[in-house]
1. Looking only at residues that are under 28 Å from residue 132 (Cα atoms) and open to solvent by 20 Å² or more (accessible area, probe 1.4 Å) in region 86-105, which one is modelled with the lowest pLDDT?
2. Mind listing whichever residues of region 47-62 are free of Cβ contacts under 8 Å to residues at least 40 places away in the same chain and surrounded by 14 or more Cβ atoms within 10 Å (Cβ to Cβ)?
3. Pick from region 135-147 the residues that are open to solvent by 20 Å² or more (accessible area, probe 1.4 Å) and touching a residue at least 24 places away in the same chain (Cβ under 8 Å): which of them is nearest to residue 237 (Cα to Cα)?
4. Can you tell me which residue among 41, 80 is acidic (Asp, Glu), within 21 Å of residue 17 (Cα to Cα) and at pLDDT 80 or above?
5. If you check residue 202 against the conditions, is it buried (at least 18 other Cβ atoms within 10 Å of the Cβ), hydrophobic (A, V, I, L, M, F, W, C), free of Cβ contacts under 8 Å to residues at least 40 places away in the same chain and closer than 30 Å to residue 278 by Cα?
6. Taking region 7-37, which residues are open to solvent by 70 Å² or more (accessible area, probe 1.4 Å), without any contact (Cβ under 8 Å) to a residue 12 or more places away in the chain and not polar (S, T, N, Q)?
7. Taking only region 148-160 into account, find how many residues are among the basic types (Lys, Arg) and either within 28 Å of residue 239 (Cα to Cα) or assigned to a loop (DSSP other than H, G, I, E, B) (or both).
8. Residue 250 passes all but one of (1) open to solvent by less than 10 Å² (accessible area, probe 1.4 Å); (2) under 21 Å from residue 164 (Cα atoms); (3) at pLDDT 95 or above; (4) not aromatic (Phe, Trp, Tyr); which number fails?
Amino acid sequence: MLERIHLAIVVQVDKLGSLTAAADHLCLTQSALSHSVKKLEQQLGTAIWLREGRSLRLTQAGHYLLQVARRVLPQLELAETRFTQYAEGERGSLRIGMECHPCYQWLLKIVSPYLAAWPDVDVDVKQKFQFGGIGALFGYEIDLLVTPDPLHKPGLRFEPVFDYEQVLVAARGHPLAGAAYVRPEQLTTEVLITYPVAIDRLDIYTQFLMPAGITPRRHKTIETTDIMLQMVASERGVAALPRWLAQEYADRMPVLPLRLGRRGIAKQIFLGAREADFEIDYLAAFVELAQRPQPPAKARSRPKRRSAIGAAAPR
């Protein structure tokens, strides 16, 4: 009774707003599309849309069919992709979603040996700062989610891969540089630089500033880690980053990590996937590789400063 084309029609009409636009997108004539919808409504015994002037409004049954279509179509598309890969001798693909932007550099260290060990598996990374990872897992848009904030729901499984500390990064000449730790009230006069993520998902707000009822003088967002820390090094603000990433930059830039509060902010990174997909050998292998201790990054030596007569200046 229900066919794939029916699901595709419902999704495209909802997305594009009209039967005509949906028909063009699906390479159908409008009469063929209308006939398919009418026949489906007769078979189901209920209307899918109600006409209001020149627009269409989904009925209750139509809304339910739209939700079914949004769940089923991605699974069918994924199945077709997988079977094509099998037919061409490939093992499959691993689509990774990122909810932790600083973790991209960590991910690169995992992907390189993984690709060498699994040459018949393709890897794709979806990196969005406000990535809806849980919905993407349920919607079969991704296979693995990298996140510091797992949301445990039936059908999903999250595995911890490493611990880290969230810290404040300041220039070496900043007044806070000599402090054993930073107190929330000390940021009331600071420009706080973060990635463009909602405040309710930033640990420095939810676990440090908000509990103390504190806001920084100004909040500025920057997408790129390098530019963010160039701003910090120029004493145009302070930033919140994982200690391991801050330390990598501190080895080559005049910045340093500072503990947030007396006890610090302890965090974990998790890899999440659909429960059933942990049975896929190449997905399980990626998680196992990610859980292995990673060698520390090699420190990059900073060039020695020279005095006017060419001798090394005292450090």
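1. Once the filter is applied, the top-ranked residue is 91.
2. Passing the criteria: 47, 48, 49, 59, 61.
3. Only one residue fits best here, namely 141.
4. 41
5. In short, yes.
6. 15, 16, 24, 27, 35
7. 1
8. Just one mismatch for residue 250, condition (3).
The values are calculated or read from the model by the stated rules, or taken from the named source; none is laboratory data. Computed from a predicted model, the values in this text were never measured in an experiment. Quick reminder, even Gly has a Cβ in these numbers, built from the backbone with ideal geometry, and neighbours come from all protein chains shown. Only protein heavy atoms, including side chains, enter the accessible area calculation; ligands, DNA and RNA are left aside. Shrake-Rupley method; radii C 1.70, N 1.55, O 1.52, S 1.80 Å.
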